[in-house]
Amino acid sequence: MSKRRIILTIIGLGVLIGVGWHQIHTSPEWKNFTWEAVWSATQEAKLGFIAGAVVLIYASYLLRSLRWRALMTPHGKFWPVLKGTLIGFTGIAFFGRPGELLRPYYIARKHATSVAPQLAVWLLERAFDMGATLVLVLAALLLSPGLASGEDAASVALRHAVWLLAVAVLLAVAGIALFHKYSQRILARLRGRFARGGRRMSQRLEHFLHTLAAGTKALSRRRNLLVSSFYTLSMWMGVAVAVWLIVRGYPGMLPGFSYGEALVLLGFLLVGSIVQLPAIGGGVQVLLILGLTEVFGAPAAPAASASLLMWLVAFYAVAPLGAALAAREGISWKAMEHEAELASR
């Protein structure tokens, strides 16, 4: 991890620890919290629901692969993209966010291309994910009157966060659309300024903008845009069903938990995934617990168990298959990560 990533991770974990400390010392239920109660709740979870959630998570990797292939220019081969997706997300499970580079590097290597076009696809993928998540969470708030009108601190904070995210996503989408339309003109105008700026920073910025310009070429075909949007919405709706299944797999925790509420909890999962360490997590578990207890009113012990299980299913269910594929191809994780970092510079 770079120094910047280490600093941001420490800050993020510090905030999460502070939130957890405040929760434990202000909530009567958390003062009586025991790991024995968590284990007891885990033993009561229904395996059929958990297995269904794992199947849906694997289906999401299939849809991710189809979307990645659709965004490639020209379209890539399905099996290398699928294997790259499984191996790449296994790398994220092992290394945390620095493992993000493994997927574009592997796919580029299998298609005998440079990494830059695949990094462009990765950037577009992030934009699609942000937009789809926002649409689904907004729909959930509109379909859940209790969440949309609740006056408790958690519900108010949730609504403010969603609207701030909406503004950020709209600005990002507008920026990408304008850059796509005027990319050549923008790059030509900035080229002279790059030459006058600091060499290292200018090279990185120019490389990023060229990468983004290459990625937006896929959006010039309306069919690609529609197909990628369909895959994205289908994928996240399926992941929300997986979240719903896990919560409903705990008898008595939240008997009336709806699919709309699962979409909101999905937002907690995605925001929490920004701050996590490999094999430890952090943000995911804390925010899922807060969402289950503070927003939906779940008891502390089953909420803690369910949040840990969601984290494992969402981030580690892929690891056995991804590790097996990597071993079959003789991949060295450490060497591959190092090569990916060098190729992306």
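Taking the numbered list (1) at pLDDT 90 or above; (2) surrounded by 19 or more Cβ atoms within 10 Å (Cβ to Cβ); (3) over 19 Å from the mean Cα position of the chain (by Cα) in turn, residue 65 passes all entries but (3).
Could you pull out the residue among 56, 13 that is modelled with pLDDT of 75 or more, at negative phi, in a helix (DSSP H, G or I) and not small (Gly, Ala, Ser)? Outline the logic, then answer.
Working: 13 fails: modelled with pLDDT of 75 or more.
Going through 56, 13 in turn, the sole match is 56.
Of the set (1) in contact with a Ser or Thr (Cβ under 7 Å, 6 or more places away or on another chain); (2) on the phi > 0 side of the Ramachandran plot, all apply to residue 96 but (1).
Condition check ((1) at pLDDT 85 or above; (2) in a helix (DSSP H, G or I); (3) farther than 15 Å from residue 265 by Cβ) across all residues:
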{"site": "109", "(1), (2), (3)": "yes, yes, yes"}
{"site": "112", "(1), (2), (3)": "yes, no, yes"}
{"site": "125", "(1), (2), (3)": "yes, yes, yes"}
{"site": "128", "(1), (2), (3)": "yes, yes, yes"}
{"site": "133", "(1), (2), (3)": "no, yes, no"}
{"site": "138", "(1), (2), (3)": "no, yes, no"}
{"site": "142", "(1), (2), (3)": "no, yes, yes"}
{"site": "151", "(1), (2), (3)": "no, no, yes"}
{"site": "155", "(1), (2), (3)": "no, yes, no"}
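For (1) in a helix (DSSP H, G or I); (2) under 19 Å from residue 58 (Cα atoms); (3) at pLDDT below 90, each residue gets a yes or a no:
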| position | (1), (2), (3) |
| --- | --- |
| 241 | yes, yes, no |
| 270 | yes, yes, yes |
| 290 | yes, no, yes |
| 302 | yes, no, no |
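The values are calculated or read from the model by the stated rules, or taken from the named source; none is laboratory data. Every value quoted in this text rests on a predicted model; they were computed, and no experiment measured them. All Cβ positions, glycine included, derive from the backbone under ideal geometry; neighbour counts span all protein chains shown.
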